[in-house]
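Down below is the structure, laid out as structure tokens.
The values are calculated or read from the model by the stated rules, or taken from the named source; none is laboratory data. Please read these numbers as outputs of a predicted model, since none were measured by experiment. Cβ sites come from the backbone with ideal geometry, for glycine too, and all protein chains shown count toward neighbours.
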Amino acid sequence: MNLVAAVAMTWWLNIPGYCDPQMKECYPDLSIPTTTRDVCMDAIVEYAKEDYVFYIGCDIKPLPNAVNLKKKVFK
């Protein structure tokens, strides 16, 4: 019997921080893990529909300054 190793890759929905001059608020960087690239891309579409952020993207690495992640993730 041959055993096949399964490899899973996390795709990160990366939302860079930004400041909203009208609301006089600033928001920090966030990186949200997703299960696949397709799920991540679907999330981009939903965020864009709501006009939540100016730039978001999917990547295999989270943002280095994401406030919701501990620094040890990047070591």
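Taking the conditions exactly as written (modelled with pLDDT of 90 or more, of a type in the set (A, V, I, L, M) and part of a loop (DSSP other than H, G, I, E, B)), does L3 satisfy them or not? So L3 does not fit the description; no. For region 40-75, a residue qualifies if it is at pLDDT below 80, over 24 Å from M23 (Cα atoms) and surrounded by 11 or more Cβ atoms within 10 Å (Cβ to Cβ), and the qualifying residues are V73, F74.
Looking only at residues in region 17-32 that are exposed (fewer than 13 other Cβ atoms within 10 Å of the Cβ) and outside any loop (DSSP other than H, G, I, E, B), which one is modelled with the lowest pLDDT? Working first, answer last.
So in region 17-32, the residues exposed (fewer than 13 other Cβ atoms within 10 Å of the Cβ) come out as 19-26.
Keeping just the survivors that are outside any loop (DSSP other than H, G, I, E, B) gives 19-20, 25-26.
Details: C19: 85, D20: 79, E25: 89, C26: 89.
Looking at residues that are exposed (fewer than 13 other Cβ atoms within 10 Å of the Cβ) and outside any loop (DSSP other than H, G, I, E, B), I get D20.
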